[in-house]
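Everything on this sheet refers to the single structure shown next.
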Amino acid sequence: MARPASDSPLLFDDPPPKPDFGIETGLMRQGLRAIAGLDEAGRGPLAGPVVAAAVILDSGRIPVGLDDSKRLSAVIRENLYAIILEQAVAVCAVSICATAIDTDDIRKASLEAMRRATAGLAVAPDFALADGRDIPPGLPCQARALVRGDQRSVSVAAASIVAKVLRDRMMARLCPVHPAYGFSAHAGYATKRHRDAIASLGGVARIHRFSFAPLKG
């Protein structure tokens, strides 16, 4: 017999998965010690850089509360960012500007930023877990792509937090220079306020992505 519909369907749904250290533990059992999580922030905005981070966590000091940065409040992200920098074995972040994104494309720019972040780690990784469907070309180690990796691996979640916090800070610092666009409020994403400012004022060279609609052409 079919189960009747519930007034509270969320009670019967599986909760969203939380990232853990399980994938890393499996790799460490194979003799791989330094596992880097890779993620980026800023693929979708109309303005600003794409920022990627690589993080190698200390298996004995994993910060409590790591999760996909999009599922955390700004205050929690900032707190976890500070803890990650204090407790991780190694952290590196890289940004690629809007001009470079326009020269190539956002997918390639995101993957290149992750490659550079991995190469810049103070501790050479034995393996990397990259958020998404693609392994960044040219990594200095073996790697695996993880769809929704920031919801499956705490190492990737830590990278997502570092990338998101740094990018948001970069966009907030642009706001006093170009106050009409409101970058501190939307970090360059296509909100109505941002689209209205673009329609009225146009884009800003080296800040807006002129290969993205509605700026394209």
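Coordinate-derived values only; no laboratory data. These figures come from a predicted structure and were not determined experimentally. Reconstructed Cβ throughout: ideal geometry from the backbone, glycine too, with neighbour counts over all protein chains shown.
Values for this structure:
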read-out: Amide N of the stretch 62-84 lying under 18 Å from the label point, which is placed 7 angstrom from the Cα of Arg148 along Cα→Cβ; value: 66-72
read-out: Hydrodynamic radius by Kirkwood, which averages 1/r over all alpha carbon pairs of the stretch 17-171, in angstrom; value: 14.9
read-out: Average Cα contact separation per residue, the stretch 75-208, under 8 Å, 6 or more apart, as relative contact order %; value: 20
read-out: Lysine pairs meeting the criterion (Cα under 21 Å, 8 or more apart or interchain), as found in the chain; value: 7
read-out: Per-peptide average of other Cβ atoms within 10 Å, ordering 185-192, 129-136 highest first; value: 129-136, 185-192
read-out: Point-charge dipole on Cβ atoms (K/R +1, D/E -1) for the stretch 17-171, about Cα centre, debye to 20; value: 200
read-out: Folded to 0 to 90 degrees: helix 74-87 orientation relative to the chain principal axis, Cα; value: 50
